[in-house]
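Asks: Shown below is the structure under consideration.
The values are calculated or read from the model by the stated rules, or taken from the named source; none is laboratory data. Computed from a predicted model, the values in this text were never measured in an experiment. Counting neighbours? That spans all protein chains shown, and the Cβs are built from the backbone with ideal geometry, glycine included.
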Amino acid sequence: MPTRRRVADRLRRVRITPGFIRNADGSALIEIGRTRVICTATVEARLPRWLVGQGTGWVTAEYGMLPAATGERTRRPGPGGTSARGTEIRRLIARALRAGVNLEALGPNQVIVDCDVIDADGGTRCAAITGGWVALARAIARGRDDGRLPAEADAVTDHVVAVSCGIVGGVPLLDLDYADDHRADVDANVVMTAKGRLIEVQASAEGATFAKADLARLLDLARRGCQTLAKHQARAVKRG
């Protein structure tokens with residue numbers, strides 16, 4: 001059985017600091033345990049070419065990890081490029097955040113969410129999604145207030161939250177840190193709305209297969225964790 005001080009169905013310590021970057025339309029520093037991610041959101045009055053004239057806005061994302069965010073230095077991608085892992089994660093973040101936005105309400109505008117990991121101890125993609133939503137919601141509110149976005153419709157339809165979970169030594173655990181993840185028999189990332197609607201589930205067996213009942217237990221853990229994270233998001237959006 002894994003040795004850890006916190007209860008298996010509890011999140012690590014969570015702190016979301018809104019308005020962390022002064023010049024951003026929306027921003028937040030999210031801290032979950034020792035994982036820390038800076039999330040910023042920028043409203044732009046332009047769209048990808050393939051969306052021009054389609055009557056909708058867009059939300060996209062970028063993800064990066066500072067070289068010293070992990071135990072060993074992470075090499076920066078080449079000029080204009082990104083790592084395969086970074087590409088996969090930024091696409092996940094963008095897909096997830098779009099699920100909580102009425103894109104048509106943005107008008108012919110896009111919001112770019114940048115997520116930069118400054119300290120990694122497991123669950124960075126989940127922290128990026130959860131903190132990215134706060135930055136996104138604050139940017140949309142600011143854009144509506146200053147007239148850059150349409151004022152007649154509320155583009156944010158629901159919270160988007162994400163959390164990791166897994167089975168370590170036969171025990172289902174919520175919110176895996178690096179040590180948990182390294183020893184996990186099953187590793188999962190779950191993205192959902194505050195209303196409990198699933199957006200994406202990434203689950204894989206690391207050493208042995210797992211049963212349908214195991215997945216159900218993990219999803220239940222994730223649901224409870226995401227409900228707690230959504231409360232942190234709500235408080236962060238109201239602050240500042």
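Asks: Let me spell it out: the conditions are (1) in a helix (DSSP H, G or I); (2) more than 11 Å from the chain's Cα centre (by Cα), and residue 92 meets all of them except one. Which number is the exception?
Replies: Unmet for residue 92, out of (1) in a helix (DSSP H, G or I); (2) more than 11 Å from the chain's Cα centre (by Cα): (2).
Asks: List pairs: first residue in the range 33-45 and in contact (Cβ under 8 Å) with a residue 40 or more places away in the chain and buried (at least 19 other Cβ atoms within 10 Å of the Cβ), second residue outside any strand (DSSP E or B) and aromatic (Phe, Trp, Tyr) anywhere in the structure, Cβ distance under 9 angstrom, at least six positions apart or on different chains.
Replies: 35/178; 38/20; 39/20; 39/133; 40/20
Asks: Oh, and also: Can you tell me which of (1) among the hydrophobic types (A, V, I, L, M, F, W, C); (2) under 22 Å from residue 156 (Cβ atoms); (3) assigned to a helix (DSSP H, G or I) is the one residue 190 doesn't meet?
Replies: Here residue 190 clears every test but (3).
Asks: As an exercise: evaluate residue 62 against (1) farther than 20 Å from residue 20 by Cα; (2) part of a strand (DSSP E or B); (3) not small (Gly, Ala, Ser) and give the number of the one condition it does not meet.
Replies: Looking at each condition in turn, residue 62 falls short on (1).
Asks: Assess whether residue 77 counts as being modelled with pLDDT of 95 or more, farther than 26 Å from residue 195 by Cα and either assigned to a loop (DSSP other than H, G, I, E, B) or of a type in the set (Phe, Trp, Tyr) (or both). Break it down into steps so the answer makes sense when it comes.
Replies: On the way: modelled with pLDDT of 95 or more: no; farther than 26 Å from residue 195 by Cα: yes; either assigned to a loop (DSSP other than H, G, I, E, B) or of a type in the set (Phe, Trp, Tyr) (or both): yes.
Spelling it out, it is not the case that residue 77 is modelled with pLDDT of 95 or more, farther than 26 Å from residue 195 by Cα and either assigned to a loop (DSSP other than H, G, I, E, B) or of a type in the set (Phe, Trp, Tyr) (or both).
Asks: Taking the range 7-32 as the search range and keeping residues that are in contact with a strand residue (DSSP E or B) (Cβ under 9 Å, 6 or more places away or on another chain) and among the charged types (D, E, K, R), which one is surrounded by the most Cβ atoms within 10 Å (Cβ to Cβ)?
Replies: Going through the qualifying residues, I end up with 25.
Here is a yes/no grid of residues against (1) touching a residue at least 24 places away in the same chain (Cβ under 8 Å); (2) under 26 Å from residue 15 (Cβ atoms); (3) surrounded by fewer than 14 Cβ atoms within 10 Å (Cβ to Cβ); (4) touching a Pro at 6+ places or on another chain (Cβ under 9 Å):
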{"site": "180", "(1), (2), (3), (4)": "yes, yes, no, yes"}
{"site": "191", "(1), (2), (3), (4)": "yes, yes, no, no"}
{"site": "194", "(1), (2), (3), (4)": "yes, yes, no, no"}
{"site": "199", "(1), (2), (3), (4)": "yes, yes, no, no"}
{"site": "204", "(1), (2), (3), (4)": "no, no, yes, no"}
{"site": "223", "(1), (2), (3), (4)": "yes, yes, no, no"}
{"site": "233", "(1), (2), (3), (4)": "yes, yes, no, no"}
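Asks: State whether the residues of the range 141-159 include one that is part of a strand (DSSP E or B), touching a residue at least 40 places away in the same chain (Cβ under 8 Å), over 18 Å from residue 232 (Cα atoms) and of a type outside the set (A, V, I, L, M).
Replies: No.
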